[in-house]
2 protein chains.
Amino acid sequence: MSLRDRLSLQSLLKGGCGLHALGTHLLIELRDCNRSALKDLKIVEEVMVSAARYAKATIVDVSFHEFNPFGISGMVVIAESHLSIHTWPEYGYAAVDIFTCGDVIKPEDAAQYLIERFGSRNPSIVEMKRGIISCSNEKLPHKVCDVGFQMVS
Amino acid sequence: MSLRDRLSLQSLLKGGCGLHALGTHLLIELRDCNRSALKDLKIVEEVMVSAARYAKATIVDVSFHEFNPFGISGMVVIAESHLSIHTWPEYGYAAVDIFTCGDVIKPEDAAQYLIERFGSRNPSIVEMKRGIISCSNEKLPHKVCDVGFQMVS
């Protein structure tokens, strides 16, 4: 790798903490969960909404649905993006996504809250950066951080 | 790696085509898009709903919201999981997720449709397997594939 390449790579890193991106996306695998919780529509919705509040997110819309013979899908649309969950109570498994943008909320806190509330004994988390669109790694302003932020509809 | 480990690894693979999982999750980076499309609530909603229909998904709920000064967030809840989008028209960028389960629908077709409709000149897709919970790699039945499937609420 040439010096130029190394400098270019360094310019993409922010103190070894990763790249500046528009969004942070946590893909959370909740295995070995409390199966009764995963099949209860009211519990799943309450836990997901509470997780959004716990992360200090601004809730815009909530949509949860139960399926036969089992399983719940739900979304919490937040001003900072979204939380989603799909449960397979028959396997004690739930797939949760927490997609956030801006510096205000802490998705990792919401993830830990969800792990505890669903009693996952074997969770895993993958963090994906979404929207790495500046090769100079300048910090990109996010709409939700703008002073003029408000929801239109 | 021991022979036992190799055999165990082989048992996890299905003909080199990957692992059996409960869900398939496409993380789609739509860069260099048509900016006017990304800031139009009606267009973004119509394209996402059409993508779900294009993939033969069963639409359960739709929720799209516009933010000031710009940007749209939207979710299409489907019986087979969900589609989501967050747009940054100021950067010509949209983050799209297509989370599906079952063998019926083809998320890659929906992804190609979205790339074309938003005019992305620099898209990328990452496929994540969600819910790999069987080490024997047996094919796990999905609720939506069950004959008795119906939505409860």
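The values are calculated or read from the model by the stated rules, or taken from the named source; none is laboratory data. Predicted model, so just to flag it, every value in this text is computed and none were measured. Virtual Cβ from ideal backbone geometry, glycine too; neighbours counted across all protein chains shown. The accessibility values were calculated without ligands, DNA or RNA, using every heavy atom of the protein model including side chains. Shrake-Rupley method; radii C 1.70, N 1.55, O 1.52, S 1.80 Å.
Across the range A:58-68, coupling constants 3J(HN,Hα) worked out from phi with the 6.51/-1.76/1.60 Karplus curve, θ = phi - 60°, read 9, 6, 9, 7, 9, 9, 10, 9, 10, 10, 8 Hz, and Gly and Pro carry x. Karplus-based coupling profile of the range A:78-93, in residue order and whole Hz: 10, 4, 9, 2, 6, 10, 9, 8, 9, 10, 10, x, 5, 10, x, 10, with θ = phi - 60° in 6.51 cos²θ - 1.76 cosθ + 1.60 and x standing for Gly or Pro.
For B:THR58, the residues whose amide H sits under 5 Å from its own are B:ALA79, B:GLU80, ignoring neighbours fewer than 5 places away on the same chain, with H placed 1.01 Å from N. Taking Cβ atoms as reference points and 14 Å as the exclusive limit, the residues near B:HIS82 contribute a net charge of -4, counting Lys and Arg as +1 and Asp and Glu as -1. Which net charge results for the neighbourhood of B:SER124, defined as the other residues with beta-carbon distances under 9 angstrom from its beta-carbon, given Lys and Arg at +1 and Asp and Glu at -1? Every neighbour counted, the sum reads 0. Loop-located GluC sites (Glu not before Pro) in the range B:57-138 (DSSP state other than H, G, I, E, B) with a sparse environment of at most 11 neighbouring Cβ atoms within 10 Å: B:GLU138. Which whole-number percent is the relative contact order of the range B:37-111 (Cα, under 8 Å, 6+ apart)? The value is 29 percent. For B:THR58, B:THR87, A:THR24, the ranking by accessible surface with the largest value first comes to B:THR58, A:THR24, B:THR87, using a 1.4 Å probe.
Residues whose amide H comes within less than 5 Å of that of B:TRP88, counting only those at least five positions distant or on another chain, are B:TYR93, B:ALA94, B:ALA95 (H built at 1.01 Å from N in the peptide plane). Phi-derived couplings, Karplus 6.51 cos²θ - 1.76 cosθ + 1.60 at θ = phi - 60°, listed residue by residue for the range B:106-123: 10, x, 5, 5, 5, 4, 5, 4, 5, 4, 6, 5, 8, x, 5, 9, 8, x Hz, with x used for Gly and Pro. Heavy atoms of chains A and B lose about 4300 Å² of accessible surface on contact, summed over both sides with a 1.4 Å probe.
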